[in-house]
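Asker: Attaching a single structure in C-alpha cells format; questions to follow.
The values are calculated or read from the model by the stated rules, or taken from the named source; none is laboratory data. Keep in mind it's a predicted model, so treat the numbers as computed, not measured. Note that each Cβ is placed from the backbone with ideal geometry, even for glycine, and that neighbours are counted across all protein chains shown. We work out accessible area using only protein heavy atoms, side chains counted, and drop any ligands, DNA or RNA first. Shrake-Rupley method; radii C 1.70, N 1.55, O 1.52, S 1.80 Å.
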Amino acid sequence: MERLEEYRRKRDFTRTREPAGGTDRNGTSELYVMHKHAASHDHFDLRLEQDGVLRSWALPKGPSLVPGEKRLAVEVEDHPLEYADFEGSIPEKAYGGGTVMLWDRGRWRLKGRSRKDRIDIELDGERLKGSWTLTRMSGKRQDKHGRNWLLIKRHDDKPRMEASLSVELDASVASGRSMSEIAEAHDETNSLNAVHLPDPALLTNARKAALSQVATPQLATLAREVPTQGEWLHEIKLDGYRLLAHIDKDGVRLTTRNGKDWTQRFPEIARALAALPITTARLDGEVVALGEDGISRFGQLQEAL
Ligand code: MN
C-alpha cells in the first residue's frame, strides 16, 4: 500500500512491535482512534480511517472538548489500520520511542462532503462524542508541507459527552492501564521481539534433532467442573479450523489436525508465515473468522472460504 510508504520507512519492524500493515479490512464503518503518546513531547494522536489507512494528526495539547475551542493538529504520516489496536511501548531509540495508550476509540463519520482543507466529523467514541472540524491553516501559520491544521470542537444539539471528561484522564480505554503501567509492561512485551528470541541451545535438556514430520496437536478435554487447584488459565474458545504450520527449507506447509494438506486453502496464511524471520518452526493455531463483535463463528469461516 503506497500510502504507508512513509510510515514504513520511518520504522524498523524488527525493533518495534508496531504493526507493519498490509491487512485489508472490509466493511464501510470508519475507525476512529485517539492515542495518548508519551514521546519526546507528550501529545495525542487523532486517527481517522480513510481509504484503507488511518489518516493521522498529532495534537500537542490534546483534543478540544469545549465548543469553539481550537487545538493545533499537525498531520503526520498515514498509519496502517491495525494501528487502531496498538497500545504499548516503542523502543526508546526507535522512531516515536515512548509509551502509547489507547485513550479513546470508536467510529467516525463525515458530515457533509470531504474537502481538501476542511473535514467536518462526528466522533462516536467511548469518550469523545459529537462534532468537530478539522481545518487546514493558511498563510504564515502554515508550514511548507501544509501539515498544520486546527481541530475545533463544534456545538452539538444534544451533547452526549461526559461533562467531567478531561484530557488529563490517565486510563486506557482498552486495558484501563495508566501510562506508567503501560510503560512498566515494556520489558515483558518487548521480549516477544524477533531480536530477543530465546536461543534454543540454552534450554535445559534440549537436544539437536531434525524437526519431526509428524505432529499431533494437543486437544482440549471436556470436563464438568472448572478446576480450582493448580495454575490454570482460561482462554476464549475459538470456533474455526485447527491448523498446523510446518516451516522449513522447503517452505511452508499447512495441515489439519488429521494431517491433510491445506496449504492451498489458506495461501494468505502460508505467505504471511513464509515472511517470518525464522528458518524452521512448527506452529499450532486456529483459523477463525471474527465478527464485528469479536466472536468467532464457524459458519462465517465456511462462507469466507
Ligand atoms: Mn505520536
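Asker: Limited to region 59-77, what total is found for residues that are within 15 Å of the ligand (Cβ to nearest atom) and open to solvent by 20 Å² or more (accessible area, probe 1.4 Å)? Spell out how you get there, then give the answer.
Answerer: Of the residues in region 59-77, the ones within 15 Å of the ligand (Cβ to nearest atom) are 59-63, 71-77.
When the remaining residues are screened for being open to solvent by 20 Å² or more (accessible area, probe 1.4 Å), the result is 60-61, 71-72, 74-76.
Of the residues in region 59-77, 7 are within 15 Å of the ligand (Cβ to nearest atom) and open to solvent by 20 Å² or more (accessible area, probe 1.4 Å).
Asker: While we're on this one: Do the conditions hold for residue 268, that is, is it under 25 Å from residue 14 (Cα atoms), open to solvent by 100 Å² or more (accessible area, probe 1.4 Å), free of Cβ contacts under 8 Å to residues at least 40 places away in the same chain and not in a loop (DSSP other than H, G, I, E, B)? Steps first, please.
Answerer: On the way: under 25 Å from residue 14 (Cα atoms): yes; open to solvent by 100 Å² or more (accessible area, probe 1.4 Å): yes; free of Cβ contacts under 8 Å to residues at least 40 places away in the same chain: yes; not in a loop (DSSP other than H, G, I, E, B): yes.
Yes.
Asker: Residue 54 - would you say it is within 10 Å of the ligand (Cβ to nearest atom) and open to solvent by less than 30 Å² (accessible area, probe 1.4 Å)? Give the derivation first.
Answerer: Numbers: within 10 Å of the ligand (Cβ to nearest atom): no; open to solvent by less than 30 Å² (accessible area, probe 1.4 Å): yes.
Considered against the rule, which asks whether it is within 10 Å of the ligand (Cβ to nearest atom) and open to solvent by less than 30 Å² (accessible area, probe 1.4 Å), residue 54 comes out as no.
Asker: Let me ask something additional. Out of region 203-218, which residues are within 33 Å of the chain's Cα centre (by Cα) and open to solvent by 100 Å² or more (accessible area, probe 1.4 Å)?
Answerer: Listed by number, the residues that qualify are 203, 216, 218.
Asker: Across region 106-144, what is the total count of residues that are in contact (Cβ under 8 Å) with a residue 60 or more places away in the chain and either among the small types (Gly, Ala, Ser) or open to solvent by 70 Å² or more (accessible area, probe 1.4 Å) (or both)?
Answerer: Of the residues in that region, 5 qualify.
Asker: Check 125, 130, 106, 112 and return the single one that is of a type outside the set (S, T, N, Q) and farther than 23 Å from residue 173 by Cα.
Answerer: Details: 125 fails: farther than 23 Å from residue 173 by Cα; 130 fails: farther than 23 Å from residue 173 by Cα; 106 fails: farther than 23 Å from residue 173 by Cα.
Among 125, 130, 106, 112, only 112 is of a type outside the set (S, T, N, Q) and farther than 23 Å from residue 173 by Cα.
Asker: Condition check: hydroxyl-bearing (Ser, Thr, Tyr), in contact (Cβ under 8 Å) with a residue 24 or more places away in the chain and open to solvent by 50 Å² or more (accessible area, probe 1.4 Å). Does residue 221 satisfy that?
Answerer: Working: hydroxyl-bearing (Ser, Thr, Tyr): yes; in contact (Cβ under 8 Å) with a residue 24 or more places away in the chain: no; open to solvent by 50 Å² or more (accessible area, probe 1.4 Å): yes.
Answer is no for this residue.
Asker: Sticking with this structure for a sec: So residue 291 passes all but one of these: (1) over 21 Å from residue 85 (Cβ atoms); (2) open to solvent by less than 80 Å² (accessible area, probe 1.4 Å); (3) under 28 Å from the mean Cα position of the chain (by Cα). Which condition number does it fail?
Answerer: For residue 291, the exception is condition (1).
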